[in-house]
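Everything on this sheet refers to the single structure shown next.
The values are calculated or read from the model by the stated rules, or taken from the named source; none is laboratory data. Model, not experiment: these values are computed from the prediction. Note: ideal-geometry Cβ built from the backbone for every residue, glycine included; neighbour counts use all protein chains shown. Calculation scope for accessible area: heavy atoms of the full protein, side chains included, ligands and nucleic acids excluded. Shrake-Rupley method; radii C 1.70, N 1.55, O 1.52, S 1.80 Å.
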Amino acid sequence: MSKTAEKKGELIVVSGFSGVGKGTIIGRAMQARDNFAFSVSATTRAPREGEEHGVQYFFLTREDFEQKIAAGEFLEYAEYSGNYYGTLRSYVDDLISTGKNVVLDVDYRGAFAIDANDARARLIFIIPPSAEALYARLTGRGTETEESIIKRINQAITEADQAEKYNCILVNDDLDRAVEDFLAIVDDPALDRQFYEKNLALIQPIKSGLKQILEDLRGPQEGELE
Ligand code: 5GP
């Protein structure tokens with residue numbers, strides 16, 4: 001456990017392509033340091049088996065959630081498949097005031113909403129070293145159907161255009177190195193810009209590479225979605 005923390009924590013918003021390893025990087029960072037906290041979101045969906053209030057999510061009624069939206073209590077929220085999900089400002093504030101670095105794993109829409117609502121937010125986008133590396137990771141999981149891989153690649157192509165609006169771009173090539181970089185960045189906000197400038201040029205080639213992979217995958221097939 002950390003001693004009395006005088007310094008306030010950082011608000012770190014992490015996004016990245018599906019399969020890029022952001023969950024692993026965040027998990028390792030949290031193991032390495034005791035001043036990291038992963039934000040627990042609120043949702044209106046029912047708990048799944050084994051899920052506990054306050055652990056995986058804060059489970060709220062729709063009425064409660066909507067009251068909190070009206071009261072401006074969310075840093076961001078979104079609706080998926082008929083359920084609300086959102087990040088409670090008070091939860092994040094409490095952690096930060098005790099010196100915890102709060103890490104939020106959200107997509108670019110959530111990231112930009114948080115950025116608009118909270119000046120403390122530092123947005124980090126995690127990318128693979130290349131399109132081929134991302135494809136290898138997606139297929140290497142062995143759990144994804146081709147349809148799901150195509151969907152994820154399409155999503156990554158859209159997200160690539162958003163990455164340049166982040167404060168920082170981090171490459172996950174070697175995992176240990178990426179975790180080390182992530183920790184260094186969290187500790188020193190001045191590194192946001194350095195990593196951004198170093199890695200920005202990788203984005204467009206990754207995007208083109210992903211488009212090529214999609215074309216190759218779709219190749220001779222007919223009747224695919226555009
Ligand atoms: P699940 O119901 O499978 O736990 O999550 C469904 C979706 O909600 C996932 O894509 C997850 O990333 C997203 N989600 C979870 N918490 C939040 C949140 O606080 N804000 C937003 N915008 N999305 C969230």
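Remarks
- When LEU134, LEU175, LEU138 are checked against the criterion of being at pLDDT below 95 and open to solvent by less than 70 Å² (accessible area, probe 1.4 Å), LEU138 stands alone in meeting it.
- The numbered conditions (1) more than 12 Å from VAL103 (Cα to Cα); (2) at pLDDT 95 or above are all true for PHE36 except (1).
- Screening segment 187-226 for residues that are closer than 19 Å to GLU146 by Cα and not in a helix (DSSP H, G or I) and picking the one that is modelled with the highest pLDDT gives GLY219.
- Filtered residue count, segment 92-107, keeping only those that are touching a Phe, Trp or Tyr at 6+ places or on another chain (Cβ under 7 Å) and either part of a helix (DSSP H, G or I) or within 13 Å of the ligand (Cβ to nearest atom) (or both): 1
- Strands (runs of 3 or more DSSP E) completely within segment 14-91 that count 1 or more residues being within 14 Å of the ligand (Cβ to nearest atom) and surrounded by fewer than 12 Cβ atoms within 10 Å (Cβ to Cβ): 74-80
- Of the helices (runs of 4 or more DSSP H) lying entirely inside segment 108-186, those containing at least 1 residues that are within 15 Å of the ligand (Cβ to nearest atom) are 108-117, 146-163.
- Count of segment 98-119 residues, restricted to those that are of a type in the set (Lys, Arg) and crowded, with 16+ Cβ neighbours inside 10 Å, is 1.
- If you check ALA42, ALA46 for being modelled with pLDDT of 95 or more and touching a helix residue (DSSP H, G or I) at 6+ places or on another chain (Cβ under 7 Å), only one passes: ALA42.
- Residues that are open to solvent by 10 Å² or more (accessible area, probe 1.4 Å) and under 13 Å from the mean Cα position of the chain (by Cα) within segment 162-172 comprise just one, GLN162.
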